[in-house]
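See structure below.
The values are calculated or read from the model by the stated rules, or taken from the named source; none is laboratory data. Treat the numbers as computed from the prediction; the structure is a model and nothing was measured. Cβ coordinates were reconstructed from backbone atoms using ideal geometry, including for glycine residues, and neighbour counts include every protein chain displayed. Heavy atoms of the whole protein, side chains included, go into the accessibility calculation; ligands, DNA and RNA do not. Shrake-Rupley method; radii C 1.70, N 1.55, O 1.52, S 1.80 Å.
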Amino acid sequence: MELQKHNKPNDLWISIQGKVYNVTDWAKIHPGGDIPLMNLAGQDVTDAFIAFHPGSAWEHLHKLFTGYHLKDYQVSAVSKDYRRLASEFAKAGMFEKKGHGVIYSLCFVSLLLSACVYGVLYSSSFWVHMLAGALLGLAWIQIAYLGHDAGHYQMMSTRGWNKFAGIFIGNCITGISIAWWKWTHNAHHIACNSLDYDPDLQHLPMIAVSSRFFDSLTSVFYGRRLTFDRLARFFVSYQHYSYYPIMCVARVNLYLQTLLLLLSKRKVPDKGLNILGTIVFWTWFPLLVSRLPNWPERVAFVLVSFCVTGIQHVQFTLNHFAANVYVGPPTGNDWFEKQTNGTIDISCSSYMDWFFGGLQFQLEHHLFPRLPRCHLRSISPIVRELCKKHNLPYTSLSFFDANIMTLKTLRIAALQARDLTNPAPQNLLWEAFNTHG
């Protein structure tokens, strides 16, 4: 029996701890979607399974067992240490101990939203209105962290309340579908920094983090070719200049992606609730903006709120844009290694943890995505030592240095885009920009 042959949607097998399971039918109802299973099909996925599933998930595997075992199944030294750590954290109850961060965050968000609404409704000052926009942007940042928590682990007391929290704070308050987030984010975690499998790196025609995109790679996630045409070449050639402006309005793309998914024919979990929640957002947000006295203030209010949330978009990209990338599907036998190579931590003092939402510990989060953020700082030294033991990278930079490293990465790709040979000049505008760029 050759496991790797069973890697198609209608014939999908995986192995966990050497035991082979047929997940062809299960993939259709898998809570994490079918993409994680498809990306790792025909492989041993033990480390990924441990990372994303609670202990209770093991008891359901027997229904899918084929009766086969992998021949000569072996576990690498890195995987042994990783599994030992995961077991120790589970025995210590760390995956269940969520702390009081959710309550504090909800109170903080409520305060920010209340102040924003008050400023819009009860003040006639332009600067108060701009401050209200900034507060709304800050509230959206904190809500995104709560949505991230709800998506990765059960932050509420029951699964039902957790689902409600995800849709309420995601769709209703931010306008970004929790279903869209789970769809893309699960794929990102499984295929961290794969240029053709990780949707979080696929931003043509505006941004390319690697010259490998110049070959017009096919996105396995989106099922389409990422064409590197003249327009893409133009934008990418100046991406180190346009990076921050793009981040300021990146939220528009998230709204668009949400609408495209919810209006598509793709099977979306809780699609009706996601659509309803999105309608709620596009009801209250325009109404709030309409209470401002004139169109210049309305436009400025929206732009200020978007620019503030742009800080978070920068944070997210710092964790991956300058890290190592690769082309091809993820592999199950180097789970730990792929995460260490594809992530960058942001070093900061503990009093700034609220600002980064725990995601400054990006490697720790990728290795243990179900671990509540309140524990990430405490396990950081353990993960660092494990990386040192196995001679694997553990990259931790200050926020400033991470920005510099990301800009350098973008600049390198930009200059490479300009240097591509092209027998026919695009147009006079292109030549003028490249002459003086």
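Overview of results
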{"item": "Within a Gaussian network of the chain (alpha carbon springs, distance under 10 Å), most fluctuating of 415, 287, 407", "result": "287"}
{"item": "Proximal charge balance of residue 51 [Cβ under 11 Å; K/R count +1, D/E count -1]", "result": "+1"}
{"item": "Normalised contact order of the chain, rounded percent, pairs of Cα under 8 Å and 6 or more residues apart", "result": "19 percent"}
{"item": "Fluctuation leader among 97, 28, 63 - the chain, Gaussian network, Cα springs under 10 angstrom", "result": "63"}
{"item": "Listed values (i) 36; (ii) 26; (iii) 33, entry calculated as percent of Cα pairs over 35 Å apart", "result": "(iii)"}
{"item": "By accessible area with a 1.4 Å probe, ligands and nucleic acids excluded, highest first: order of 94, 38", "result": "38, 94"}
{"item": "Of 28/338; 97/163; 97/267; 91/388; 182/265; 97/265, pairs whose Cα-Cα distance is over 29 Å", "result": "97/267; 97/265"}
{"item": "Convex hull per residue volume in Å³, alpha carbons only, for segment 78-191", "result": "132 Å³"}
{"item": "Radius 11 Å from Cβ of residue 184, net charge of other residues (Lys, Arg +1; Asp, Glu -1)", "result": "-1"}
{"item": "GNM flexibility winner over the chain from 360, 74, 239 (Cα, springs under 10 Å)", "result": "74"}
{"item": "Antiparallel %, DSSP beta bridges [both residues in the chain], to 5", "result": "70 percent"}
{"item": "Protein accessible area in segment 3-74, 1.4 Å probe - carbon and sulfur %", "result": "54 percent"}
{"item": "Tensor-based shape of segment 3-74 (alpha-carbon gyration tensor, a/c under 1.5 rounded, otherwise prolate or oblate)", "result": "rounded"}
{"item": "Mean ellipticity per residue at 222 nm, deg cm²/dmol - from DSSP H runs of n ≥ 4 across the chain, formula -39500 (n - 2.57)", "result": "-17000 deg cm²/dmol"}
